[in-house]
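Here the structure is laid out as structure tokens; the discussion comes afterwards.
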Amino acid sequence: MNPLQERSLLLTRRQFFGRSAAGIGTAALASLLNPSLFAGMTRSALEKPHFAPKAKRVIYLFMSGGPSQLDLFDYKPNLQKLHKTELPSSVRGMQRLTGMTSGQGTFPIAASLFKFNQHGKSGAWISELIPHSAEIVDDIAIVKTINTEAINHDPAVTFIQTGAQQPGRPSVGAWLNYGLGSMNSDLPAFVVMISRGSAARDAQPLYSRLWGSGFLPSEYQGVNFRGSGDPVLFLSNPPGLDGTMRKRFIDGVNKLNQSEYESFGDPEIAARISQYEMAYRMQSSVPELADISSEPEHILDMYGPDVRKPGSFAANCLLARRLAERNVRFIQLYHRGWDQHGDLPKDIASQCKDVDQPSAALVKDLKQRGLLEDTVVIWGGEFGRTTYSQGQITATSYGRDHHGRCFSIWMAGGGIKPGISYGQTDDFCYNVAENPVHIHDFNATVLRCLGINHEKLTYRFQGRDFRLTDVHGNIVNEILA
């Protein structure tokens, strides 16, 4: 059993002071030498990383709904000659189809309507839909062969975010928080922000379990920052209660919780004490974080016109950079609206307008501040889209169904090799032709960037040891610097 699970370090500030016989000087020294002894910072399961880490933190830009790799990153010019022809049944094979297209009588190929051009020293082919992302191709690695068994949104999102298609497992951010702990005492180690896309189609729902702690103690779950009002619920003092009174209230509740913990030893009680302390400090740290008035005009311009709209993807990207500066361990941005079963050209253009400039600006901003070298940035969704059209193809429109057999993501910074494209799909962008990267491989590689052996970061629950990658996962060394 690891030190975390033994709970040998579960001390609150008041408990430490009360039990210390050496006085305030020793207590102050101890807090400097090992701040995780005190409430408000999540404790780590690992005494130190398994490997020398290249990264300290992760910013995960998640495009919820499944962006079309065919229209963004995976250029297939030969499909123009096959446009509207039937996708060969030999290409589909016995692969599962969703209920939305399994009953189609035909599966006509839909070549992308968008132009692609080569960019950067790497010569990567990038769609005209994302011109700002084209500017950073030499800083990113495009992985074209991510694959998953899931074909519907909920199991697919749950799979890539937790390592299992069934709900109940800890999220990637929770695993990192559990393994490595917090790097600051005034903000959560794991922050989540959600933006609504501009697509006409209703966005797929997102559930808090996607950033939850599963069977890990609840202190490791993500904290969802809101896009309007207080960034965190109940951040402001209620009418008639000032900061001093609120602190006295928290201290009183924590004394009761401490008494309960000493009686029962329930780790959730210790987590509750820690979270109350963190919530009090966030009354100062979060408003300061959210106040972008000190940002230079040229930085705001870099993120695009929506950066001043709270809750927009652009605003959240800027906040992600500010969180990275404050050493938040895992920063998760969800952008909804990428589920384009019909009228894809119009909807994907709107979605790209939301995210292209801010995503590229985030990478540029991190790089110019020296933060990209120890921050892993990830851009991608839960699956890709089909080569064949869902429904009718017209001269200006087509739709695409869910497709998990091959799709694209990009990664940057924190030990990722820049300026490369990894993996090849077949001529129809339907199957992996070379260098497959399964979801478990992808997650194992992310953990490796932070110095973690994915096979050794485990948690015993209900009689067995669990890990993010289950019993699978191979590190993709070819994309590591």
Checklist entry - Among the residues of region 444-481, how many are of a type in the set (Ser, Thr, Tyr), in contact (Cβ under 8 Å) with a residue 12 or more places away in the chain and either touching a strand residue (DSSP E or B) at 6+ places or on another chain (Cβ under 6 Å) or part of a loop (DSSP other than H, G, I, E, B) (or both)? => result 2
Next on the checklist: Being surrounded by fewer than 16 Cβ atoms within 10 Å (Cβ to Cβ) and at pLDDT 90 or above is the filter here; which residues of region 275-294 pass it?
Outcome noted: Asp291, Ser293, Ser294
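Among the residues of region 125-163 satisfying the criterion of being assigned to a strand (DSSP E or B) and open to solvent by 10 Å² or more (accessible area, probe 1.4 Å), which is nearest to Glu478 (Cα to Cα)?
Looking only at region 125-163, we keep the residues that are assigned to a strand (DSSP E or B), and these are 125-127, 140-147.
Checking which are open to solvent by 10 Å² or more (accessible area, probe 1.4 Å) leaves us with 125, 144, 147.
Values: Trp125: 20, Lys144: 13, Asn147: 17 Å.
So the residue we want is Lys144.
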Next on the checklist: Condition first: in contact with a strand residue (DSSP E or B) (Cβ under 7 Å, 6 or more places away or on another chain), more than 26 Å from Trp410 (Cα to Cα) and either outside any helix (DSSP H, G or I) or modelled with pLDDT of 50 or more (or both). Can you find one or more residues in region 69-82 that meet it?
Outcome noted: yes
Checklist entry - Taking region 96-121 on its own, how many of its residues are open to solvent by 50 Å² or more (accessible area, probe 1.4 Å), of a type outside the set (A, V, I, L, M, F, W, C) and in contact (Cβ under 8 Å) with a residue 12 or more places away in the chain? => result 7
Checklist entry - In region 368-406, what count of residues is obtained for those that are open to solvent by 10 Å² or more (accessible area, probe 1.4 Å) and β-branched (Val, Ile, Thr)? => result 3
Next on the checklist: Looking for something surrounded by fewer than 17 Cβ atoms within 10 Å (Cβ to Cβ) and within 30 Å of His341 (Cβ to Cβ) - is there at least one such residue anywhere in region 407-426?
Outcome noted: yes
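One line per residue, one yes/no per condition, for (1) more than 16 Å from the chain's Cα centre (by Cα); (2) under 24 Å from Gly414 (Cα atoms):
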site	(1), (2)
Val143	yes, yes
Gln166	yes, no
Leu180	yes, yes
Ser185	yes, yes
Val192	no, yes
Arg201	yes, no
Leu206	no, no
Leu210	no, yes
Next on the checklist: Could you check region 80-109 and list, in sequence order, the residues that are more than 13 Å from Asn431 (Cβ to Cβ) and in contact with an Asp or Glu (Cβ under 8 Å, 6 or more places away or on another chain)?
Outcome noted: Leu97, Thr98, Met100, Thr101, Thr106, Phe107, Pro108, Ile109
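Does Gln204 satisfy the condition of being in contact with a Phe, Trp or Tyr (Cβ under 9 Å, 6 or more places away or on another chain), in a helix (DSSP H, G or I) and not charged (D, E, K, R)? Quick ask: steps written out before the conclusion?
Working: in contact with a Phe, Trp or Tyr (Cβ under 9 Å, 6 or more places away or on another chain): yes; in a helix (DSSP H, G or I): no; not charged (D, E, K, R): yes.
The answer is no for Gln204.
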Next on the checklist: Could you go through region 70-85 and let me know if any residue there is open to solvent by 20 Å² or more (accessible area, probe 1.4 Å), among the hydroxyl-bearing types (Ser, Thr, Tyr) and closer than 22 Å to Ala349 by Cα.
Outcome noted: yes
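The values are calculated or read from the model by the stated rules, or taken from the named source; none is laboratory data. In this text, all values refer to a predicted model and were calculated from it rather than measured experimentally. With ideal geometry, Cβ positions are generated from the backbone for all residues, glycine too; neighbour counts draw on all protein chains shown. Accessible surface areas use protein heavy atoms only, side chains included; no ligands, DNA or RNA. Shrake-Rupley method; radii C 1.70, N 1.55, O 1.52, S 1.80 Å.
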